[in-house]
Structures are given as structure tokens and as C-alpha cells.
Amino acid sequence: MEARESAVDKSLPAVWSQTIEDFLGHLAIERRLSPRTIGTYRQQLTDVARALVQAEASDWPSVRKDQVRAVITQAHRRGLAPRSLALMLAAVRSLYRWLRETRHPDLINPAQSIKPPKLGKRLPAVLDADAVTRLVEIPQDEQLSTRDRALLELFYSSGLRLSEVAGLRWGELDLDDGSVRVLGKGAKTRIVPVGSKALEALRALAAEHGSAATQPVFGNGRGGALSPRGIQARVKHWAEKQGIWQRVHPHLLRHSFASHLLESSGDLRAVQELLGHADIGTTQVYTHLNFQHLAEVYDRAHPRAKRR
């Protein structure tokens with residue numbers, strides 16, 4: 001309790017700041033949220049409390065819906081991003097739910113029905129086909145080149161998630177059939193094709209290091225599997241070495257796989273199955289990427305489509 005009281009914001013009246021600290025204590029002890037997340041909650045709730053004090057609200061239970069809406073509107077006018085506003089509202093709703101459960105059973109949550117400004121649809125970045133080719137065709141002049149080429153080829157060949165690649169064992173690969181069996185989100189298993197270039201790289205890796213069924217495909221040199229962070233580091237290493245200016249990471253290769261496949265096939269349902277998306281709505285973001293590409297081609301090629 002002493003540690004929490006020492007963190008109380010002295011610039012706020014105690015009826016506001018102590019409630020925030022009590023709520024944060026609940027998040028830390030009962031919900032076991034990380035210190036970083038709790039710090040974000042503290043900052044958001046403190047900002048809201050300061051604005052409510054300026055609006056002459058007396059304490060948290062007395063706040064009205066119109067006052068919360070005014071705080072969000074002011075923050076929006078100051079340039080706070082929609083995503084940050086959504087997080088701020090979520091923190092306020094969570095505080096009021098806790099107050100209702102622990103102190104004020106008849107309290108009406110003034111933030112409950114307030115909606116933040118709509119988030120803009122942010123399209124995932126992708127590498128173009130030439131950049132992908134440059135990335136995966138790494139020179140075989142380093143000790144780890146065989147492993148790393150197989151790693152990069154598999155990411156782009158099959159659109160796998162980082163967690164799926166990190167946990168992969170040789171017994172889950174069928175190099176004759178050209179497929180890989182992975183355990184994805186929701187503990188769902190799917191079988192995905194592996195392209196010829198990736199199969200070639202994986203066969204070279206198997207010849208160099210062995211391919212016992214329980215052995216990790218991508219080893220760390222100490223008998224264990226290369227960690228997710230280790231995989232990310234190797235992808236970044238090769239992107240920089242191959243002179244690719246974009247920030248390259250495993251999920252970027254998954255996005256590139258999906259976008260290029262949809263661009264070539266137009267089969268959204270097949271891309272959904274290959275990516276292991278439960279909801280086709282998640283996959284539909286790649287249709288926006290595809291149209292963006294078509295629009296760029298149209299603008300470049302059509303004599304009456306030049307835009308200013």
C-alpha cells in the first residue's frame with residue numbers, strides 16, 4: 001500500500017488520484033498486468049481526471065456522460081490519434097466497471113456508450129517481388145547461410161507466422177509431398193504447400209544438419225530451436241545486408257506472401273485457408289492492397305488516367 005500511495009499524483013485532488021492508484025493496484029494484483037501497461041493506464045486516467053477537474057466535476061462517481069464526451073472531443077482536437085482515444089476510453093470504462101463492482105453498485109458508467117473517432121484502415125506494408133527475391137537469394141558465404149536461406153524461403157513460400165516457424169520440427173515437413181503441417185492460432189492445424197525454392201533450401205539444410213523427426217528445423221547451434229527473437233534478428237540482418245531499405249520482419253514476409261498470391265490468383269478464400277484466418281474479413285485487407293496495386297498500374301499506363 002505504501003508503494004502505491006507514494007505514486008499518487010499530487011497535482012490532482014486526492015479524491016481523483018487515490019481512486020486511480022487503488023484501481024491500478026487492482027490491475028497489478030488481481031489482473032497481473034505488466035508495469036508498462038499499468039503505466040499507460042495511469043497516464044491516460046490522469047489526463048482524463050485533469051480535464052474533468054477543469055470541467056468542475058467533483059469526483060469520479062459524479063462525472064456525467066457529456067463531460068466524458070467533451071474530454072474525448074478536446075483530446076481529438078489537440079491531435080490525439082483515434083487509436084489513442086480508443087485506449088483512453090477503454091481505460092475510463094474499465095475504471096468505472098471496477099468502481100461499480102467494488103464501491104458504487106448503482107453507478108452508471110458515463111463512458112459506456114461513447115464511441116471514439118473511427119480508426120483509419122491501416123494497410124499492412126509489403127515487399128515487392130524484386131525485393132523479396134533479393135532478400136531470399138542470400139550468398140552462401142557465411143556459416144549460417146544455409147539455415148537462414150531456408151528460413152527466409154519458407155516464410156515467403158508458405159506465409160507462416162513467426163510462432164509457427166519457431167516451433168517447427170522436421171517431422172512436420174514433407175519434403176517429398178512439398179507441404180508443411182503447422183499448429184496455428186486457436187490450436188488449429190493446417191497443411192500448407194511449400195514452394196520449390198523453399199524445398200530446395202530445406203533439403204540443403206537437412207543434408208547439412210540432419211532431419212530427425214523431433215529435431216527443430218531451425219536450430220540455434222546448441223541443440224535447441226532458434227528463438228522467435230533470434231529469427232527476427234536473422235531476418236533483419238539479411239535485409240540490411242541485402243540493401244533493402246524497408247524495415248523487414250517475419251510478418252512482413254507473411255503479408256507479402258498473401259498480397260502476391262492474391263494478386264496472381266484472385267482467390268481470396270484460398271488465401272484465407274493458407275494464412276489460417278478464422279474470419280475471411282481478416283484476409284480482405286489484402287484485397288485493398290491488390291486494388292491499390294491495380295490503381296497504380298492504371299494511373300501509370302492509361303493515357304487518360306493521369307492524376308495531379
Inset, instruction - Take the cross-link list Lys118/Lys241; Lys188/Lys236; Lys188/Lys241; Lys118/Lys197 and give me the ones stretching past 31 Å between alpha-carbons. - result: Lys118/Lys241; Lys188/Lys241; Lys118/Lys197
Inset, instruction - Using the charge dipole of the chain (Lys, Arg: +1 at Cβ; Asp, Glu: -1 at Cβ; taken about the Cα centre), state which of Gly266, Gln284, Ala55 has its Cα farthest towards the positive end. - result: Ala55
Legend entry - Label zone at Ser227, where the point sits 7 Å out along the Cα-to-Cβ direction: segment 139-180 residues whose backbone N lies under 17 Å: 162-168
Legend entry - Between helix 196-209 and the chain: long-axis angle, C-alpha atoms, 0 to 90°, nearest 10: 80
Inset, instruction - Return the sequence-ordered ³J(HN,Hα) values of segment 36-42 in whole Hz as given by the Karplus equation 6.51 cos²θ - 1.76 cosθ + 1.60 applied to θ = phi - 60°, using x for Gly and Pro. - result: 5, 5, 5, x, 5, 4, 4
Legend entry - Base-10 log of normalised Debye intensity for segment 2-102 (one unit scatterer per alpha-carbon) at q = 0.12, 0.18 Å⁻¹: -0.37, -0.85
Legend entry - Phi-based couplings in Hz for segment 44-50 (Karplus 6.51, -1.76, 1.60; Gly and Pro marked x): 5, 5, 5, 4, 5, 4, 4
Inset, instruction - Under a 10 Å cutoff between Cα atoms, tell me which one of Arg32, Arg42, Arg134 has the largest fluctuation in the Gaussian network model of the chain. - result: Arg32
Legend entry - Using θ = phi - 60° and Karplus 6.51 cos²θ - 1.76 cosθ + 1.60, couplings along segment 89-95 (whole Hz; Gly, Pro as x): 4, 4, 5, 5, 4, 5, 4
Inset, instruction - Could you calculate the FRET efficiency of Arg36 with Asp177 from 1/(1 + (r/R0)^6), where r is the beta carbon distance between them and R0 is 45 Å, rounded to 0.05? - result: 0.50
Inset, instruction - Neighbouring Cβ atoms within 10 Å as the yardstick, rank Thr46, Thr283, Thr133 fewest first. - result: Thr133, Thr46, Thr283
Inset, instruction - Determine by what factor the alpha-carbon radius of gyration of the chain differs from 2.2 N^0.38 Å, reporting the quotient. - result: 1.32
Legend entry - Among Ala55, Ala166, Ala125, residue whose mean-square fluctuation peaks in a GNM of the chain (springs only between Cα atoms under 10 Å): Ala55
Legend entry - Projected-area mean, segment 79-135, by convex hull of Cα positions, square nanometres: 6.8
Legend entry - Kirkwood hydrodynamic radius of segment 178-268, Cα pairs, Å: 15.5
Legend entry - FRET efficiency, Asp141 to Ile244 (Cβ-Cβ, R0 22 Å, nearest 0.05): 0.75
Inset, instruction - Could you work out how far apart the two model spin labels at Ala14 and Arg100 are, taking each label as a point 7 Å from the Cα in the direction of the beta carbon, and quote it in nm? - result: 2.9
Legend entry - Whole-number D in µm² s⁻¹ for segment 129-301, Kirkwood Cα-pair radius fed into Stokes-Einstein, 4 °C, 1.567 mPa s: 77
Legend entry - segment 71-86-segment 138-171 distance, computed between alpha-carbon centres (Å): 42
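A short reminder: the numbers here are calculations on the coordinates, not readings from a lab. All values reported here derive from a predicted model rather than from experimental measurement. Cβ sites come from the backbone with ideal geometry, for glycine too, and all protein chains shown count toward neighbours.
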